[in-house]
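Have a look at the structure below before the remarks.
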Amino acid sequence: MNDQQPADTVPVEGTIVQAAPKTAPAAGASAIVLRADQDEFDHKQLSTLALISPGLAQAPRGHLAMFFHYCVRTGLDPFARQIYMIGRKNWKAAEDNNEPAMTWTIQTGIDGFRTVAHRAAAKAGESISYEDTVFYDAEGRAHDVWLSKAYPAAVKVTVLRGQSRFPFIAKWDEFAPTYYDAKNSTYVVAKMWRTMPAHMLRKCAEAGSLRMAAPQDLSGVYADEEMEHVDAEAVAGVAEDAAQRLRAAAGLEDGEQDGGTADEPAEDPADKKERAERKPAPKKRTKPRQQPEPEPDQAEEAPAARRRAAPRKRTAPDKDRAAS
C-alpha cells in the first residue's frame with residue numbers, strides 16, 4: 001500500500017520501503033531494516049523477529065514470505081511491533097488430518113489500522129473521517145456516550161472515505177473474550193474487557209469499519225482486540241488437553257463420564273431417557289427374614305447326669321430282713 005518511493009530514496013530505520021529500483025543501502029543504515037533490493041527476510045532479520053515473537057522460529061518459510069509481503073504492502077514496521085504474525089494451535093487438526101497443526105494470523109494494533117487506511121485514502125486523493133460512535137444497550141436503545149456499568153450490547157462505528165460510508169457493528173457476544181476461572185468454577189470476561197468494555201468493543205468496530213474502507217490494504221490483517229476471543233478459545237483448548245492427559249494418566253478413557261468408553265459413541269440424551277423409562281423400577285430391598293433355628297435334640301440338650309440311667313435303690317441283704 002506504500003506510496004511509490006523515488007529511485008534515489010534511502011531506506012531509513014523504522015520504515016518499510018516498497019520494491020523500487022535496486023540501490024545499495026546507505027552507510028550507517030540499520031542491519032535489520034527492510035531494503036528495497038530484498039524479497040524476503042534475511043537471516044539477521046529473522047533472528048530479530050524471533051526475539052520479538054519467539055513463535056516465529058517455528059513458522060514455515062511460506063508463512064514468513066507472506067508476512068514479508070504484508071509488511072511491504074501495509075508499510076508497517078515489524079521491528080517496531082507495528083505489525084506481527086501470531087501462530088496458534090489449530091484444534092481442528094485433531095479431527096482432520098488435512099488441517100495444518102498451526103494457523104498464522106497477521107495482526108496489528110488499532111493505530112496500525114488507522115495509519116494504513118489514511119495512507120490508502122491519501123494516495124487516492126481522499127480523506128478518512130468518522131461519524132459519531134453509537135453504543136447500544138441490551139434493549140437496543142442507542143447512546144451517544146456509554147455511562148452504564150453494564151457491558152454494552154453492541155457498538156457501531158462508521159468510517160467516511162470520500163463520498164462513501166462504511167458502518168460496522170461489533171456485538172459484545174461475538175468479540176468479548178471469556179476465560180475459565182478454575183478458582184470460582186465459572187467463565188469470566190478478560191480483565192481489560194471488564195475494566196474498559198466500551199473502549200475495547202469500539203476498537204473492534206473501528207477495525208472492521210476501516211477494513212471495509214481500505215480492503216485492498218487491510219484485507220487479511222486483524223486488530224489485536226478482534227483476535228482476543230480466539231486466544232481465549234486456545235486457552236480453553238490447552239486446558240482440555242491437560243484434562244485429557246490427566247484422565248489418561250489416571251487410567252480413565254474419554255467418555256467414561258457417561259459410563260461408556262472412548263471407542264463407544266456418546267449416548268443420545270433422548271435415547272437415555274427412553275431407556276430409563278422402559279426400565280422397571282427397582283424393588284425395595286427388605287431385610288432378609290431370619291429362618292428359625294432347628295430345635296436342638298433333647299437328648300443332647302439334657303445334662304450328662306440326666307442322660308445316665310438313675311441308680312437302682314439298694315436293698316438290705318436277706319439276712320438283715322430276716323432278723324428284722
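Looking only at residues in segment 57-92 that are among the aromatic types (Phe, Trp, Tyr) and over 18 Å from His118 (Cβ atoms), the one that is modelled with the lowest pLDDT is Trp91.
Considering (1) at pLDDT below 85; (2) over 21 Å from Asp217 (Cα atoms); (3) among the β-branched types (Val, Ile, Thr), the lone condition that Thr15 does not fulfil carries the number (2).
With respect to Ala154, determine if the residue is modelled with pLDDT of 95 or more, under 14 Å from Gly208 (Cβ atoms) and in contact with a Cys (Cβ under 7 Å, 6 or more places away or on another chain). No.
Take Lys156 and tell me if it is basic (Lys, Arg) and either part of a strand (DSSP E or B) or in contact with a Phe, Trp or Tyr (Cβ under 7 Å, 6 or more places away or on another chain) (or both). Taking the combined requirement at face value, the residue satisfies it. Here is the figure for segment 154-204: residues that are more than 14 Å from Val134 (Cα to Cα), touching a residue at least 24 places away in the same chain (Cβ under 8 Å) and hydroxyl-bearing (Ser, Thr, Tyr) total 4.
Restricting Thr103, Thr195, Thr186 to those that are within 30 Å of Ala80 (Cβ to Cβ), among the hydroxyl-bearing types (Ser, Thr, Tyr) and surrounded by fewer than 12 Cβ atoms within 10 Å (Cβ to Cβ) reduces the list to Thr195. For Ala121, the stated conditions do not hold, so it cannot be described as touching a helix residue (DSSP H, G or I) at 6+ places or on another chain (Cβ under 6 Å), at pLDDT 85 or above, surrounded by 17 or more Cβ atoms within 10 Å (Cβ to Cβ) and closer than 22 Å to Arg202 by Cα.
The values are calculated or read from the model by the stated rules, or taken from the named source; none is laboratory data. All values reported here derive from a predicted model rather than from experimental measurement. Virtual Cβ from ideal backbone geometry, glycine too; neighbours counted across all protein chains shown.
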